[in-house]
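Just so it is clear, none of the values below were taken in a lab; they were calculated from the coordinates. Quick caveat: nothing in here was measured; it's all calculated off a predicted structure. For neighbour counting, all protein chains shown are included, and Cβ atoms are generated from backbone atoms with ideal geometry for every residue, glycine included.
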Amino acid sequence: MTRGARALGMLALVGGAGCAPPAVREQPPCPAAASAAEAICARDAAVNALRARFRAEVEGGGETRSAEGVLVWRAPGEMRVKLFTLAGITVYDAVLRGDASRVRGAVRQPLADRVQSFDLGPGETEASIDVDLALVLWALWQPRCASPPAASGDDSAAYRLDARSARASGREVVVRDGEIREEVLIRATPSGGSERVVARYEGYDCAAAPPLPRRIALEAPASGWRARVTILEQARNVALDDGLFALPEATGADAGS
């Protein structure tokens, strides 16, 4: 079974079960940032914690499935992502904690009685797509402006970022109309090659500054998956309990998972 099919097997438990999520209201264009640097760097200083409810559609292994879930994130490097059935039963629970030098975490799938624990050093990746999607989300929330953005190549809208915080060999954003429209991570693959992971952002919510996107499209072609995420609700700079980011104790069952 392919990596994409395994992950979609998990999503099949919650996909196609009936009720559609609340519609996301279309937002008018946000006031443009004063500069590209402001558009790129404002999130680093202004958002230190986030709680979001979302709907995700994941394609891979020849299938498309959808699920609803919750993401919580706290600077500098703690994240948890959970997916639920319509009855509120957790089917996927990923916890990550780390920085540029090391990221530790676990992905728990209770209905499958499966836990995948990982401890990754610089440049290391994980072959499981169940882990990989969470790692990409974690990387995209790492600081963008550890050093000032630099103009990139011939595209006047593209800017190179310090990639180390995202555990990547390259990181770039495209800014248009005062908003980040695209973010690219260049990272290693488990086979020893490299790939471009692309995130495209739309539907910025102007209710608070800096605006955050409500629609995110992710694509990791070499890893065989893509996803579309719609943010249904989000609250920034909320108090988050330390227990949300506690890693499970390693057990013999985790070995080799």
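Structure data summary
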| item | result |
| --- | --- |
| Radius of gyration and Dmax over the Cα atoms of segment 170-249, both given in Å | 15.8, 47 |
| Length-normalised contact order for the chain - Cα pairs under 8 Å, 6+ apart - percent | 22 percent |
| Scattering curve values for segment 115-257, log₁₀ I(q)/I(0), Debye with Cα scatterers, q = 0.11, 0.15 Å⁻¹ | -0.49, -0.90 |
| By average C-beta atoms within 10 angstrom, highest first, the peptides 41-52, 131-142, 69-80 | 131-142, 69-80, 41-52 |
| Under 5 Å, built H, 5+ apart or other chain: amide partners of Y204 | R214 |
| For the chain, calculated [θ]222 nm from helices alone, where every DSSP H run of n ≥ 4 adds -39500 (n - 2.57) | -4000 deg cm²/dmol |
| Acute angle (nearest 10 degrees) that the helix 3-12 long axis makes with the longest principal axis of the chain, alpha-carbon atoms | 80 degrees |
| With Cα atoms, 0 to 90° folded angle of helix 129-140 axis to the chain main axis | 20 degrees |
| Simple spin-label estimate for A209 and R104 in nanometres, 7 Å along Cα-Cβ | 4.0 nm |
| Where Rh is the Kirkwood radius over Cα pairs, Rg/Rh for the chain | 0.94 |
